[in-house]
Amino acid sequence: MAAEPALGGRLSDQVYDLVRAAIAAGELEPGARLVELELARRYGVSQAPVRDALRRLAGDGLVLQFPRRGSYVADISEEDARQAYRVRAVLEQFAATEVCRLAPAGLVEVLLADVAAMREAAGRDDVAGVVESDVSFHRHVWEAAGNGLLARMWTVTEASLRSFTAVSNTVYFGRLEEIVEHHTPLVAALQGGVPEVAGILFREHVLDIWERIGAPIGH
């Protein structure tokens, strides 16, 4: 058995993050079989943390598991993503409205750091890095809204969007830098202190991708 890496946190958490990032980056394509032994060798761990990570990814909707057939990368259809975006648009507006009303200390600095990381990744033409920073940005907003249920719902919503986002960021945006530019006004809206304005802007940000492909999901 390969030596397990000296990484912080639980090994299953580390494997979970690594496999999820590989799916987002397209390194593990939809339909690809995920063999526990191969992943264990790839990441230098035993099969137990891999098994646990795959179970969690299956719960997130990123992996499909079939008895006696194994685990596979889920293929998230455009319709599945459309439905997730419809839900996300409503929740994103609520989250931004609440954050603007509460004005939690230190959040703006955290979001600016996410934008900076996004910009750095875009400069490297690193799609996976942009996706990770994009996800981090919105996760921080949802978590800062002061609603425990909303924070937990982010995990489910993110799982339905991540793979589609990895593709859409390269297909529907001419430049990765353009994604960064779309987040700067969001930070300014939260700083502006008008909850209704911030909420609408975050909602429109979510719906923008559908307008780009000529298939708006409705307002």
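Scanning the stretch 57-101 for residues that are over 22 Å from S133 (Cβ atoms), part of a helix (DSSP H, G or I) and either open to solvent by 80 Å² or more (accessible area, probe 1.4 Å) or modelled with pLDDT under 80 (or both) yields E78, E79, D80, R82, Q83, R86, V90, F94, R101. Screening E27 against (1) in a loop (DSSP other than H, G, I, E, B); (2) at pLDDT 85 or above leaves a single unmet condition, (2).
The number of residues in the stretch 104-120 that are aliphatic (A, V, I, L, M), more than 17 Å from E177 (Cβ to Cβ) and open to solvent by 70 Å² or more (accessible area, probe 1.4 Å) comes to 1. Criterion applied to A48, A40, A53, A22 was being surrounded by fewer than 16 Cβ atoms within 10 Å (Cβ to Cβ) and assigned to a helix (DSSP H, G or I), and the one residue passing it is A48.
The values are calculated or read from the model by the stated rules, or taken from the named source; none is laboratory data. Note that the structure is predicted; figures quoted are calculated from it, not measured. Because the Cβ atoms are built from the backbone with ideal geometry, glycine has one as well, and the counts that use them run over all protein chains shown. All accessible areas refer to the heavy atoms of the entire protein, side chains included, with ligands and DNA or RNA removed. Shrake-Rupley method; radii C 1.70, N 1.55, O 1.52, S 1.80 Å.
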